[in-house]
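The values are calculated or read from the model by the stated rules, or taken from the named source; none is laboratory data. All figures in this text were calculated on a predicted structure; none of them were measured in a lab. As a convention, Cβ positions derive from the backbone with ideal geometry for all residues, glycine included, and neighbour counts pool all protein chains shown.
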């Protein structure tokens, strides 16, 4: 997927209502996870990302700062993010527990 034409989200759009369920793409443009939930709002928000598993079963939740992900909308209005992290790097992060 070519992300160069996608519209970056503004600081005010970095909310749970906007980010919930967003797909996270890694450096090879592969799907590496999805947003499970968000703590806070804006670039200071903590985003819980489910990584691994199948249909939500066996997934590990890790928390990262919203500012460490590049959230954007595609031409259909779907929100997603890109990151330089690989799926393996996310899996190696400490597990997030609410």
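Could you list, in sequence order, the residues of the stretch 14-30 that are surrounded by 17 or more Cβ atoms within 10 Å (Cβ to Cβ) and either assigned to a loop (DSSP other than H, G, I, E, B) or at pLDDT below 95 (or both)?
14, 22, 26 - these are the residues of the stretch 14-30 that are surrounded by 17 or more Cβ atoms within 10 Å (Cβ to Cβ) and either assigned to a loop (DSSP other than H, G, I, E, B) or at pLDDT below 95 (or both).
Which of the residues spanning the stretch 31-64 are outside any strand (DSSP E or B) and either under 10 Å from the mean Cα position of the chain (by Cα) or within 18 Å of residue 16 (Cα to Cα) (or both)?
40, 41, 42, 43, 44, 45
Select from the stretch 34-51 the residues that are crowded, with 16+ Cβ neighbours inside 10 Å and in contact with a helix residue (DSSP H, G or I) (Cβ under 6 Å, 6 or more places away or on another chain) and list them in ascending order.
35, 38, 45, 47, 51
What are the residues in the stretch 65-98 that are outside any loop (DSSP other than H, G, I, E, B), touching a strand residue (DSSP E or B) at 6+ places or on another chain (Cβ under 6 Å) and either closer than 14 Å to residue 15 by Cα or at pLDDT 95 or above (or both), if any?
Answer for the stretch 65-98, where residues must be outside any loop (DSSP other than H, G, I, E, B), touching a strand residue (DSSP E or B) at 6+ places or on another chain (Cβ under 6 Å) and either closer than 14 Å to residue 15 by Cα or at pLDDT 95 or above (or both): 66, 70, 71, 72, 73, 79, 80, 81, 82.
Pairs under 7 Å by beta carbon, first residue at positive phi in the stretch 23-43, partner part of a loop (DSSP other than H, G, I, E, B), six or more apart or different chains?
29/1; 42/14
Would you confirm, using the coordinates I've provided, whether residue 63 is more than 14 Å from residue 89 (Cα to Cα) and touching a residue at least 12 places away in the same chain (Cβ under 8 Å)?
So residue 63 does not fit the description; no.
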